[in-house]
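Right, one structure below, let's go through it.
The values are calculated or read from the model by the stated rules, or taken from the named source; none is laboratory data. It should be emphasised that the depicted structure is a prediction, and the values quoted were computed from it without experimental measurement. Counting neighbours? That spans all protein chains shown, and the Cβs are built from the backbone with ideal geometry, glycine included. Remember, those area values only see protein heavy atoms, side chains included, never the ligands or the DNA or RNA. Shrake-Rupley method; radii C 1.70, N 1.55, O 1.52, S 1.80 Å.
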Amino acid sequence: MSTDQDVQEATLGELVELAGRLAVAGERRILGLTGAPGAGKSTVAQQLVDALGPERSVLVPMDGFHLANEVLIDLGRLDRKGAHDTFDDGGYARLIAAIHDQRPGDPDVYAPKFRREIEESIGSSIPVPSRVPLVITEGNYLLMESDAWPAARNMIDEVWFLAPSTEVRHERLVARHEAYGKSHEDARFWALGSDERNAELIGSTARRAERILRLL
């Protein structure tokens, strides 16, 4: 992980302003948000889209490319769902390329959405209109340098790495797992086990981001 000297503190308003500069009418830009589990990626991404409005931005999460549970069972990977090899990285890269190549007047592109309450993805759930200038995508592995992840990264204009304190991340993860039905003990087991192993890998990619940010 990067040192604290690399981290830029910013308010949400400042991030909205930075994202707004990418939303140029008649063009197509892609902004990626990444960071370890519990970094706040989905929350910040949604806040940016809400602030910019639907005519300027749309959110396409990487989580829609979770492999289905039956596939993970066949691969023997269900117990570590969320690791980089439990996603359809090739499918994500192809979608990001299609979004990157969209021009005003082109047909909508449709992205899948992950439904956490059923732990499965639903295809063609998010329309991406060609007139919208900024697509925001968020996920753990945007800066990975293996498999198809670099192909997706090459289509993304900027990637911001969110870096809250470890304590804050852990608190969020435990609360998230509890909210979706896990006991407190099981929530801590996942947050400090599988999630933390993923966090170490993701942290090692931070240096490749355009910005490393801690939200004030």
Revision key, fill the gap. Any lysines whose Cα falls less than 17 Å from that of LYS41, other than same-chain ones fewer than 8 residues away, would be LYS113
**Study point:** Within-9-Å neighbourhood charge of GLN8 [Cβ basis; K, R +1; D, E -1]
**Key:** 0
Review point. For the range 1-149, what number results from the quotient of the Cα radius of gyration and 2.2 N^0.38 Å?
Key: 1.08
Review point. Given charges of +1 on the Cβ of Lys and Arg and -1 on the Cβ of Asp and Glu, with all other atoms neutral, how large is the dipole of the chain about its Cα centre, in debye to the nearest 20?
Key: 320
Check your understanding: Normalised by the residues of the chain, what does the relative contact order come to in percent, with Cα pairs under 8 Å and at least six apart?
Key -> 36
**Study point:** Given charges at beta-carbon only (K, R positive; D, E negative), |dipole| of the range 99-189 in Debye
**Key:** 180
Practice item. Enumerate the whole-percent occupancy of each 5 Å bin, from 0 to the last occupied one, for all C-alpha pair distances of the range 74-185. Key: 2, 9, 15, 19, 20, 16, 11, 5, 2, 0, 0
Check your understanding: With contacts defined as alpha carbon pairs under 8 Å and 6 or more residues apart, what's the relative contact order of the range 42-105 in percent?
Key -> 26
Check your understanding: Which residues make up the longest stretch of the chain that has no GluC sites (Glu not before Pro) in a DSSP loop with at most 15 other Cβ atoms within 10 Å?
Key -> 146-209
**Study point:** Loop sites in the range 116-216: chymotrypsin sites (Phe, Trp or Tyr not before Pro), DSSP, at most 13 other Cβ within 10 Å
**Key:** TYR180
Check your understanding: Within the range 199-216, what residues put their amide N at less than 20 Å from the label point 7 Å along the Cα-to-Cβ vector of GLU9?
Key -> 211-216
**Study point:** Where the range 23-108 is the region considered: accessible area per residue in Å², 1.4 Å probe
**Key:** 42
Exercise for review: Please report Rg over Rh for the range 1-73, where both radii come from the alpha carbon positions and Rh follows the Kirkwood definition.
Suggested key: 1.05
Study note, to complete from the structure: Applied in sequence order to the range 55-68, the curve 6.51 cos²θ - 1.76 cosθ + 1.60 (Karplus, θ = phi - 60°) yields integer Hz couplings, x standing for Gly and Pro, of 7, 10, 8, 8, 9, 10, x, 5, 4, x, 9, 4, 5, 4
Review point. Charges only on Cβ, +1 for Lys and Arg, -1 for Asp and Glu: so what's the dipole of the range 58-156 about the Cα centre, in debye to the nearest 20?
Key: 320
Point to revise | Relative contact order of the range 91-216, pairs being alpha-carbon contacts under 8 Å that are 6 or more residues apart, as % | key: 25
**Study point:** Nonlocal amide H pairs with PHE87, under 5 Å, H built at 1.01 Å
**Key:** LEU67
Practice item. Once you have the Cα-Cα distance between SER124 and LEU75, take 0.36 nm times their residue separation minus that, and quote the gain in nm to one decimal. Key: 15.2 nm
Check your understanding: Along the Cα-to-Cβ line of ASP106, 7 Å from the Cα, sits a label point; which residues in the range 18-35 have backbone N less than 13 Å from it?
Key -> 27-30
Check your understanding: Can you list residues whose amide H is under 5 Å from SER121's amide H, if they're 5+ apart or on another chain and H is modeled 1.01 Å from N?
Key -> ARG115
